[in-house]
Amino acid sequence: MTVLILGGTSEAVALDQHLAEQAPDIRAIISLAGHTADPRPLNLPVRSGGFGGIDGLRRYLVEEGIIAVIDATHPFAAIMPFHAQAACKAEGVPLLAIRRKAWTPMPGDRWTSVLDMEAAVAALGEEPRRVFLTVGRLELPHFADSPRHRYLVRVIEPIGDRLPLHDVTVLQQRGPFLVDEEEALMRSEGVEILVTKNSGGDATAAKLIAARRLGLPVIMVERPPKPDVETVDHIDQVLPWLVAQGLFVTERGV
C-alpha cells in the first residue's frame, strides 16, 4: 500500500522528511513534474514527469496500489490538482491537498494584483523601468513582449533563451532569502518594481518586506483556481488525516 505525494513545493520536501521520520512503515512516492533539473534531495522514491492525463493517473493509482494521494503541488499548478481530483474520485482514492496561505498586503505595501502574466506585463506600463522578476523561468517569455524594460531575473534553473532581450541580468539562486540581503540587492541593482507570484510561504517572503521598506511597487500575480477538495495548510495535519481515513495506525493505535 502506497501513498502518492504530488510534489513541487517546500511542503512536499518537508512532508518527505516528516514521513521518513514519523511513519517509516508508510511506503510513499513523490511525483515531480520534471521542470527542475536539479531538485532538492529527497528521502523517498521519486518519479518524474507527467502521468498522461486523468486516464494515465487513474492507471497509475491502480497499478501502484495507491491508497491515498497528497496534493502538494505548487500554488500555481493549474492542471494537476484538477486531474488528481478527477482520478481519485473515479478510483475511490482519498485525496488531501496541502495549500499554504496566500500572502496578503500589509500597511505600507504598494501592490497591484493581476490575474495572469499577460496582465503583469501590461501593468509594467510604457515608461522604462528596472524590473525584478521572480516568477520562475517558464513565465519569462511573456516579458519578451516588453523589451523597453531592464530586467533582473532570479531563477533556480538556467533560463536559456526564454527572455532573449539585450538588458537582462540573471541570478541563479534558491531560497530562503533574508530581508536585509533582499533590500541590499534591490538597492544595488536599482530595482524600481517587483513582479512576483502569490506563492505564499516564508521562504521567499523577504522580497516583499524589502520592497515595503524601500517603498517599491509590487505587481502580484494571483493564484489560479483550485478544485474543491479536502485541504490542510501544514504537513503536521497529514498523518492525522491518514489515521482518520483508516489508512494508518500510530504506535498508540489511534
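The values are calculated or read from the model by the stated rules, or taken from the named source; none is laboratory data. Predicted, not measured: the structure shown is a model, and the values here were computed from it. Cβ atoms come from the backbone with ideal geometry, glycine included; neighbour counts cover every protein chain shown.
Contact annotation: residue pairs with Cβ atoms under 7 Å, 6 or more positions apart or on different chains, pairing a residue in the stretch 178-200 that is on the phi > 0 side of the Ramachandran plot with a partner that is assigned to a strand (DSSP E or B), are Gly190/Arg130. Taking Leu239 as the residue in question, decide whether it is assigned to a helix (DSSP H, G or I) and either surrounded by fewer than 17 Cβ atoms within 10 Å (Cβ to Cβ) or in the same structural domain as Ile26 (by TED's automatic domain parsing) (or both). For Leu239, the condition - assigned to a helix (DSSP H, G or I) and either surrounded by fewer than 17 Cβ atoms within 10 Å (Cβ to Cβ) or in the same structural domain as Ile26 (by TED's automatic domain parsing) (or both) - is met.
Right, Gln237: modelled with pLDDT under 95 and closer than 30 Å to Pro105 by Cβ or not?
yes
Could you go through the stretch 195-209 and let me know if any residue there is in the same structural domain as Val114 (by TED's automatic domain parsing) and within 20 Å of Glu126 (Cα to Cα). For the stretch 195-209, residues in the same structural domain as Val114 (by TED's automatic domain parsing) and within 20 Å of Glu126 (Cα to Cα): present. Restricting Gly190, Gly246 to residues that are of a type outside the set (A, V, I, L, M, F, W, C), surrounded by fewer than 18 Cβ atoms within 10 Å (Cβ to Cβ), modelled with pLDDT of 95 or more and part of a loop (DSSP other than H, G, I, E, B) narrows the list to Gly190.
Go through (1) surrounded by fewer than 20 Cβ atoms within 10 Å (Cβ to Cβ); (2) of a type in the set (Val, Ile, Thr); (3) closer than 23 Å to Leu194 by Cα for Val135 and report which single condition fails. Going through the list (1) surrounded by fewer than 20 Cβ atoms within 10 Å (Cβ to Cβ); (2) of a type in the set (Val, Ile, Thr); (3) closer than 23 Å to Leu194 by Cα, Val135 breaks only (1). Among the residues of the stretch 144-165, is any touching a Phe, Trp or Tyr at 6+ places or on another chain (Cβ under 8 Å) and of a type in the set (Asp, Glu)? No, every residue in the stretch 144-165 fails to be touching a Phe, Trp or Tyr at 6+ places or on another chain (Cβ under 8 Å) and of a type in the set (Asp, Glu).
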